[in-house]
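Worksheet: the structure to be examined is printed underneath.
The values are calculated or read from the model by the stated rules, or taken from the named source; none is laboratory data. Here the structure is a predicted model, which means the values were calculated and not measured. Backbone-built Cβ (ideal geometry, glycine too); neighbour counts: all protein chains shown.
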């Protein structure tokens, strides 16, 4: 036609009242007899559209920020089940970054879970959300337990165009469940130990009483007196054992006191030196300031003695035993995985020896049930197992905030 049409453009105009308005202009040149005689402009107010676009952009930005900051893995797939969204938590949990997976089939499905995943996909194609516990593979080849929650994405016509899913790592929950099971087992053992200790203590009361009466009737030089004294001493040692069993079963009434942990360690230093022998050097490293703790002093001394004997047995050729106290802070992560402690300031008691220790193979060997490293030297220390169990039982009886780690 020979007519020239100028391009459309968007701009702002100012109304007579001073308000700025966003507009879209379409300008057309007007010709007559081949000569340009003017231009015709159609101006449309697009302020509402601009506001909607700005609101949409802000909402999208906030949503993206929320997805990136989420502590769970968030993954979205298109209708061909290729990855279109992969947040930062997915990278931390599974190992792949978004550049490795975008536009690709999801790489996290292990072979033994493929049929389960395909069944979930079939449900999403029908518009049904899914929620189930399963396993997913990491980039390094390991498997993790997760809860998978997915929902279909639909368009305006109700057609399924993909899905969005959330994966929650169950490692921490599994660890807490294992701790709960172990706690329940220990509670049952404690009840049994308490019953045995109670009955045994009744027998010891009779033995102790009769030996005391017998000693009052025997002269100092009587040939049978040493044997009776030995019976009395043995009964007293057995009574100490029953008190430990009662503490383990939580049936003993504890005398909790606020004490300086440094003072407790210093009070048994002489006993410790006789206990471990001259072939082992004892080093005490107290904290610079008092370490106030609320404990049963007798039970706390028993913990230190048990750990020291365990260290002694690990150093048959001699060595150095170091007992250190210090002020530390317990992190939130540690508190979440150990139900018996709280985050915040704490007092540390560390018993360290230069004994045989553990090889890397033993230290990293997974537990057959929990699959976590064993982190115990009892495979190399035949005599430490019973002492360790007694120490752990005693440490839990000292106060509700005690926490023992054996390594």
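Just a few scattered comments:
- Test: residue in segment 132-139 that is touching a strand residue (DSSP E or B) at 6+ places or on another chain (Cβ under 9 Å), assigned to a loop (DSSP other than H, G, I, E, B) and over 30 Å from residue 243 (Cβ atoms): yes
- Within segment 151-199, if we keep just the residues that are touching a helix residue (DSSP H, G or I) at 6+ places or on another chain (Cβ under 7 Å) and modelled with pLDDT of 85 or more, the residue that is surrounded by the fewest Cβ atoms within 10 Å (Cβ to Cβ) turns out to be 160.
- Residue 16 meets the conditions (1) modelled with pLDDT of 85 or more; (2) in contact with a helix residue (DSSP H, G or I) (Cβ under 6 Å, 6 or more places away or on another chain) in every case but one. The failed one is (2).
- Verdict on residue 246 being touching a strand residue (DSSP E or B) at 6+ places or on another chain (Cβ under 8 Å) and either surrounded by 17 or more Cβ atoms within 10 Å (Cβ to Cβ) or outside any helix (DSSP H, G or I) (or both): no
- Filtered by the rule that a residue be more than 25 Å from residue 344 (Cα to Cα) and touching a residue at least 40 places away in the same chain (Cβ under 8 Å), segment 300-311 gives 302, 306, 307, 308, 309, 310, 311.
- For segment 177-196, the condition holds for at least one residue, the condition being that it is closer than 30 Å to residue 107 by Cα and either in contact (Cβ under 8 Å) with a residue 12 or more places away in the chain or part of a helix (DSSP H, G or I) (or both).
- Take the conditions (1) modelled with pLDDT of 85 or more; (2) closer than 30 Å to residue 21 by Cβ; residue 119 misses just one of them, which is (2).
- Screening residue 263 with (1) modelled with pLDDT under 90; (2) surrounded by fewer than 16 Cβ atoms within 10 Å (Cβ to Cβ); (3) in a helix (DSSP H, G or I) gives one miss only, at (1).
- Hits in segment 77-121 (condition: on the phi > 0 side of the Ramachandran plot and either outside any loop (DSSP other than H, G, I, E, B) or not assigned by TED's automatic domain parsing to the domain that holds residue 150 (or both)): none
- Of note, residue 275 does not satisfy the criterion of being assigned to a helix (DSSP H, G or I) and under 30 Å from residue 184 (Cβ atoms).
Residue by residue, here is whether (1) in the same structural domain as residue 305 (by TED's automatic domain parsing); (2) without any contact (Cβ under 8 Å) to a residue 24 or more places away in the chain; (3) assigned to a helix (DSSP H, G or I); (4) over 27 Å from residue 303 (Cβ atoms) holds:
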| residue | (1), (2), (3), (4) |
| --- | --- |
| 200 | no, no, yes, no |
| 204 | no, no, yes, no |
| 210 | no, yes, yes, yes |
| 214 | no, yes, yes, yes |
| 219 | no, yes, no, yes |
| 229 | no, yes, yes, yes |
| 233 | no, yes, yes, no |
| 236 | no, no, yes, no |
| 242 | no, no, yes, no |
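Quick grid of which residues meet (1) free of Cβ contacts under 8 Å to residues at least 12 places away in the same chain; (2) over 54 Å from the mean Cα position of the chain (by Cα); (3) within 30 Å of residue 145 (Cβ to Cβ):
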site	(1), (2), (3)
19	yes, yes, no
29	no, yes, no
60	yes, no, no
64	yes, no, yes
84	no, no, yes
87	no, no, yes
90	no, no, yes
93	no, no, yes
106	no, no, yes
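Here is a yes/no grid of residues against (1) surrounded by fewer than 10 Cβ atoms within 10 Å (Cβ to Cβ); (2) assigned by TED's automatic domain parsing to the domain that holds residue 92; (3) under 30 Å from residue 91 (Cα atoms):
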position: 32; (1), (2), (3): yes, no, no
position: 35; (1), (2), (3): yes, no, no
position: 42; (1), (2), (3): no, no, no
position: 61; (1), (2), (3): no, no, yes
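- For segment 284-293, the set of residues classified as assigned to a strand (DSSP E or B) and either over 33 Å from the mean Cα position of the chain (by Cα) or crowded, with 17+ Cβ neighbours inside 10 Å (or both) consists of 293 only.
- Just one of the numbered conditions (1) crowded, with 16+ Cβ neighbours inside 10 Å; (2) part of a loop (DSSP other than H, G, I, E, B) is not true of residue 124: (2).
- Just one of the listed residues (346, 339, 255, 326) is modelled with pLDDT under 85, under 29 Å from the mean Cα position of the chain (by Cα) and at negative phi, namely 339.
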